[in-house]
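The structure appears right after this line, and notes come after that.
The values are calculated or read from the model by the stated rules, or taken from the named source; none is laboratory data. Quick caveat: nothing in here was measured; it's all calculated off a predicted structure. Note that each Cβ is placed from the backbone with ideal geometry, even for glycine, and that neighbours are counted across all protein chains shown. Ligands, DNA and RNA are excluded from the accessible area calculation, which covers all protein heavy atoms including side chains. Shrake-Rupley method; radii C 1.70, N 1.55, O 1.52, S 1.80 Å.
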Amino acid sequence: MKMKILFFARAAVFLLFPLSANARELSSLPEFTKDDRVLVLAPHPDDETLGAGGAIQRAIAAGARVQVACYTNGDHNQLAFIVYEKRLTFRTGEFLYMGELRRSETVKAMTSLGLDRQDLIFLGYPDFGTMAILTQFWQTQRSYRSLMTRISKVAYPQALSPGSPYVGESILKDLKTVIADFQPTKIFVSHPADTNRDHQSLYLFTWISLWDLEDKIAKPAVYPYLIHVVGWPKPRGHHLDLALKPPERLGEISWMTLALSREEVKTKQKLVDFYQTEIAYNPPYLYSYVRKNELFGDFPAIPLKDDRSGKIAWHNVGLFLDLPVENNTEGSEKQQGALSGLAYALQGNDLLIRLDLRRKLDKNLGSSIYLLGYKKNVSFAAMPKIKVEIGILGMRIRKNGRLISASGAKLGFVGRSL
């Protein structure tokens, strides 16, 4: 049985992606039909509207069944709490209160379109903590503990699985339950190149769930939507007549566009109005995603092959690593990542990874690479989660969060490439 590898470096997430000669040519998103079952997975309350508010409207108009599932309640945004409530707090209950407010905003927005409350699912996992869970918290007695809420289990009574510990098994179980019960024909989910960690991890958890379920459900089409990229979209604010164009710095992605009618654009603008907790501290930002179209796109997976020629057959991923390591909202447009490119190859039993640096000096700034193996006949919880840390002191390797021997790995430099 061949093994899949989920691979990501720094802030960008990858599924072994190729370049596409026609990547900049936008195709149209396939039309919805009354037989479609559309599942929208949102990392936080509001992402379902920002990324797919037009698609949800179009699916409902076609008579399709639509379900929305929120991964977290967005309770980690302290700045939003301070501005919205006009006070400073460090109390656990008040962050949960903010999470409840954000949940209620999504309920109001989606029910205004005619969705039933039973079609709105909230998982309640820790905002800004899900990537740590994905890479470290499996097969352990210790659960992840949220920095803001200081709790280690799903605390929202209306969540799908109240009381579930913050571990990978809980998230994977809930996502598989949602997908298996709904049997979607189309899934809209956050993009792998998004700079927000929860957006990255939801994409990865979704694919792990689909691989686990591939002999139990019909394979759905998956359409990632993008929210957080440095300096995108521009200009900020209300520009209903402008088109949403792909970010230039994301290299070669095959994008699809959904053209929205004037009425659909106005309705999406009204949906954004419901998210006052986020609008309060940055009024123009959310409206920047209300344009006359929506974008969806992904990187196709590549089967790595050893060509046995003795030469390294590099697969270049492109120049879209110019992203900050963390970014909850807009990010600083002056930030620039140390990496300018990424390539990978297979040679015998070795996986080769090449990181191209902007400056040779940047090797001292440090880079991180995660390798998450997947094998159909092995529980993902039991598969190793490898983190390679490269910095001024050389290379360290962690497995499931713990340091292990690096004897099976080698590190070298050629010019500005690592």
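Among the numbered criteria (1) modelled with pLDDT of 95 or more; (2) on the phi > 0 side of the Ramachandran plot; (3) of a type outside the set (A, V, I, L, M), which one does His239 miss?
Failing condition for His239: (2).
Consider Tyr285 carefully, then state whether it is of a type outside the set (Gly, Ala, Ser), part of a helix (DSSP H, G or I) and closer than 27 Å to Arg102 by Cβ. Talk me through it step by step, then tell me what you get.
Values: of a type outside the set (Gly, Ala, Ser): yes; part of a helix (DSSP H, G or I): yes; closer than 27 Å to Arg102 by Cβ: yes.
Yes; evaluated as a whole, the condition is true for this residue.
How many residues does the range 221-236 hold that are among the aliphatic types (A, V, I, L, M), under 16 Å from Asp47 (Cα atoms) and modelled with pLDDT under 95?
Adding up the residues that qualify gives 1.
Please specify each residue of the range 258-287 satisfying the condition of being more than 16 Å from Ala109 (Cα to Cα), open to solvent by less than 30 Å² (accessible area, probe 1.4 Å) and at pLDDT 95 or above.
Leu258, Leu260
Where the second residue is open to solvent by 20 Å² or more (accessible area, probe 1.4 Å) and assigned to a loop (DSSP other than H, G, I, E, B) and the first is under 21 Å from Glu94 (Cα atoms) and polar (S, T, N, Q) and lies in the range 271-286, which pairs have Cβ atoms under 7 Å and are six or more apart or on separate chains?
Short answer, once both residue conditions are applied: Asn282/Thr329.
Only strands (runs of 3 or more DSSP E) wholly contained in the range 370-418 count here; list those with 3 or more residues that are basic (Lys, Arg) and in contact with a strand residue (DSSP E or B) (Cβ under 9 Å, 6 or more places away or on another chain).
394-399
When you go through Ile151, Ile133 one by one, which is the residue that is in contact with a helix residue (DSSP H, G or I) (Cβ under 7 Å, 6 or more places away or on another chain), open to solvent by less than 30 Å² (accessible area, probe 1.4 Å) and aliphatic (A, V, I, L, M)?
Values: Ile151 fails: open to solvent by less than 30 Å² (accessible area, probe 1.4 Å).
The match here is Ile133.
Given the conditions (1) open to solvent by less than 30 Å² (accessible area, probe 1.4 Å); (2) assigned to a loop (DSSP other than H, G, I, E, B); (3) modelled with pLDDT under 95, and given that Ala313 satisfies all but one, which numbered condition is not satisfied?
It is condition (1) that Ala313 fails.
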